[in-house]
Amino acid sequence: VDAFQAWCGPCKTVVDLFQKIRNEVGSNLLHFAVAEVDSIDALEGFRGQCQPVFLFYEGGELVAVVRGLNAPLLQKTILDQL
């Protein structure tokens, strides 16, 4: 989940990375979503940050967080979680 604030919008540069990985591992294993933290109470802790935050969930539980736009770390985290 790309957790973003309305004033900065979702991180569009990461979409290509997620699509590439999704094509490599299969579409049933990886799902990408965006969530505006200003409108979701459960994400209140991510408000007021000026960097992208990517949340990884498995079975409804938060299992990993990547802060900042670090493509190699994002790719490693995705593959580790899969």
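The values are calculated or read from the model by the stated rules, or taken from the named source; none is laboratory data. Treat the numbers as computed from the prediction; the structure is a model and nothing was measured. Heads up, the Cβs are rebuilt from the backbone with ideal geometry, glycines too, and the neighbour counts pull from every protein chain shown. Only protein heavy atoms, including side chains, enter the accessible area calculation; ligands, DNA and RNA are left aside. Shrake-Rupley method; radii C 1.70, N 1.55, O 1.52, S 1.80 Å.
Odds and ends about this structure:
- G60 being without any contact (Cβ under 8 Å) to a residue 24 or more places away in the chain, out of contact with any strand residue (DSSP E or B) (no Cβ under 6 Å at 6 or more places or on another chain) and within 17 Å of A3 (Cα to Cα): yes
- In segment 42-78, the residues that are in a helix (DSSP H, G or I) and either modelled with pLDDT of 90 or more or surrounded by 13 or more Cβ atoms within 10 Å (Cβ to Cβ) (or both): L43, F46, P72, L73, L74, Q75, K76, T77, I78
- For segment 27-41, the set of residues classified as surrounded by 10 or more Cβ atoms within 10 Å (Cβ to Cβ) and not β-branched (V, I, T) consists of L29, L30, H31, F32, A33, A35, E36, D38, listed by residue number.
- Within segment 6-25, the set of residues being open to solvent by less than 100 Å² (accessible area, probe 1.4 Å), out of contact with any Leu (no Cβ under 7 Å at 6 or more places or on another chain) and in a loop (DSSP other than H, G, I, E, B) comprises A6, C8, G9, P10.
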